[in-house]
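A quick write-up on the structure given underneath.
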Amino acid sequence: MSVQVTRVKTWHYTAGAATAGLALTAVVTTAAGPWDSTGQRTAERDRAAAQDHTGGADHGRDSSTTGVAPKPAPSAASVLTGLGGPGSTAKAEPNGPAFADVLDPLLKEAALGTSRAAVVVDVATGKRLYGTGAGTALTPASTTKIATAVAALSSMGADHRLTTRTALEPGTDELVLVGGGDPTLTARKGADGNASLRTLATETAETLKKDDVRKVTLSYDTTLYAGSGIHPIGAGNDNLAPVSALMADEGRLDDSVSGTADRAPDPAQDAARKFAGFLEEAGIKATSPGPSKATTRAKTLAEVSSPSLSALVERMLTNSDNDIAEALARQTAVATKARADFDGGGKAILAQLKKLRLPVSGASFKDGSGLNREDRLTANLLTALLVKAGDPAHPELRPALTGLPVAGFTGTLSTRYADGAAGLVRAKTGTLTGVNTLAGTVVDRDGRLLAFAFLASDTPGKEAAQAALDRTATALAACGCR
């Protein structure tokens, strides 16, 4: 017996745009109003202006992020008709040289360190409007997650789900909990749309009781993934649990749903122990669980599925969720029949981007989250990823745009842009010691959608570098660069 899941084609909700320029606001409800003269909801503008705090570090405990799929983001109504599509009211195309006048001084700030790169592209036309160090491969930090998102969506599709199941070995009482690589599997009450370990135990117990089975030898299977689960940053790091095909609540040892937290040293064993407890509550006694591998002859008893891949991607990007990112890198490897370890996941991401004919020269992926300092991306590739995600020919990639944090409102940008382009900038942040990056989209003063990528290395301080990047993105929003 299995839990039934209605598999709505979720990309339909984010892929309704008829042109690339519409991708930013394909899920916004235009009737929500009222709208001010710039197209931004007045209430949203007032809320953004009222905020007087800063922060939003990628992996901090105080990033105001959540453990559920983000709601549709606020955006400018003018984007719906102002970016080159039918009925467009946008002004003339932006002029490249004018961007240099605006951006050059901002990008020369000492806060942005000694190595920097920047690219700005008109999403509707694909035309590069500005570039400095465009092909220079730098450490991208968490902007790597944009590449991970596009690779995962292109290899599996936006409606793909990750399934955790139980299987009974024939002729024995061995029950195997088979991990499907879902890091959002939860052992908590109130699953909020996530697959529930408690539900899986209840459904499994019901099936066992029908066969008059009241006691099982419990084991767990993590063989979907290969290699070590310990990231090069080391064991015991509160940014990321050991990567495993079986875990509950990302191996968190507290009630948090995002940001940093102490993690179980063996997430699979932790999840299996919790599952055993739920079985006991449902009337099935279970032995202390140990590792095993389900055979092809094992009978599936029950299964639960994750939210759609589109929802996982959005949560990963909005919350800068490292655990989901590493899971999606390995899932991309599984989908493309590569070895599902750190190295294989990185190679699978690169291979998918090559298939999409993206400019991958100089790019190197050592993980899916961007925590590895040996990752390398170019500003040219980051903007190309964003433009590809807005391509009407690739609606399955749209969550790579809709999941981007919104300045002043959601995720890792919720506490930034209090005095700037709140609601108009949507961007993935990247923060490591000495590395600060920002890549996303912005609506300029003329209502055109621009993709941008700013990478800075050897930065002297996080807060100053973030503020400099935010000023640069804000300048794009204010620009009528023609």
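The values are calculated or read from the model by the stated rules, or taken from the named source; none is laboratory data. The structure displayed is predicted, hence computed values, not measured ones. Methodologically, a virtual Cβ is constructed for each residue, glycine included, from the backbone with ideal geometry; neighbour enumeration extends over all protein chains shown. Accessible surface areas use protein heavy atoms only, side chains included; no ligands, DNA or RNA. Shrake-Rupley method; radii C 1.70, N 1.55, O 1.52, S 1.80 Å.
Worth a mention:
- Selected residue (only one of Ala340, Ala302, Ala348 is in a helix (DSSP H, G or I), at pLDDT 95 or above and touching a helix residue (DSSP H, G or I) at 6+ places or on another chain (Cβ under 8 Å)): Ala348
For every residue, the table says whether it meets (1) touching a strand residue (DSSP E or B) at 6+ places or on another chain (Cβ under 6 Å); (2) farther than 21 Å from Val119 by Cβ; (3) open to solvent by 10 Å² or more (accessible area, probe 1.4 Å).
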{"position": "Ala348", "(1), (2), (3)": "no, yes, no"}
{"position": "Thr383", "(1), (2), (3)": "yes, no, no"}
{"position": "Pro399", "(1), (2), (3)": "no, yes, no"}
{"position": "Phe409", "(1), (2), (3)": "no, yes, yes"}
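- Scanning the stretch 128-140 for residues that are assigned to a loop (DSSP other than H, G, I, E, B), open to solvent by 10 Å² or more (accessible area, probe 1.4 Å) and at negative phi yields a count of 5.
- Across the stretch 352-373, the qualifying residues are those that are free of Cβ contacts under 8 Å to residues at least 60 places away in the same chain and out of contact with any Leu (no Cβ under 9 Å at 6 or more places or on another chain), and the one among them that is least open to solvent (accessible area, probe 1.4 Å) is Lys354.
- Any hit, the stretch 275-290, residues being open to solvent by 20 Å² or more (accessible area, probe 1.4 Å), in contact with a strand residue (DSSP E or B) (Cβ under 8 Å, 6 or more places away or on another chain), β-branched (Val, Ile, Thr) and assigned to a strand (DSSP E or B): no
- Ala427 being of a type in the set (A, V, I, L, M), without any contact (Cβ under 8 Å) to a residue 60 or more places away in the chain and in a strand (DSSP E or B): yes
- Any pair with Cβ under 9 angstrom, 6 or more apart, that starts in the stretch 153-164 at a residue that is among the charged types (D, E, K, R) and ends at one that is open to solvent by 40 Å² or more (accessible area, probe 1.4 Å): Asp159/Arg7; Asp159/Val8; Asp159/Lys9; Asp159/Trp11; Asp159/Glu396; Arg161/Val5; Arg161/Arg7
- Number of positions in the stretch 351-387 that are part of a helix (DSSP H, G or I) and not charged (D, E, K, R): 12
- Thr143, sole failed condition from (1) part of a helix (DSSP H, G or I); (2) out of contact with any Gly (no Cβ under 7 Å at 6 or more places or on another chain): (2)
- Hits in the stretch 407-423 - residues which are outside any loop (DSSP other than H, G, I, E, B), touching a helix residue (DSSP H, G or I) at 6+ places or on another chain (Cβ under 8 Å) and not hydroxyl-bearing (Ser, Thr, Tyr): Gly411
- Residues that are modelled with pLDDT of 90 or more, open to solvent by 10 Å² or more (accessible area, probe 1.4 Å) and touching an Asp or Glu at 6+ places or on another chain (Cβ under 8 Å) occur at least once in the stretch 417-434.
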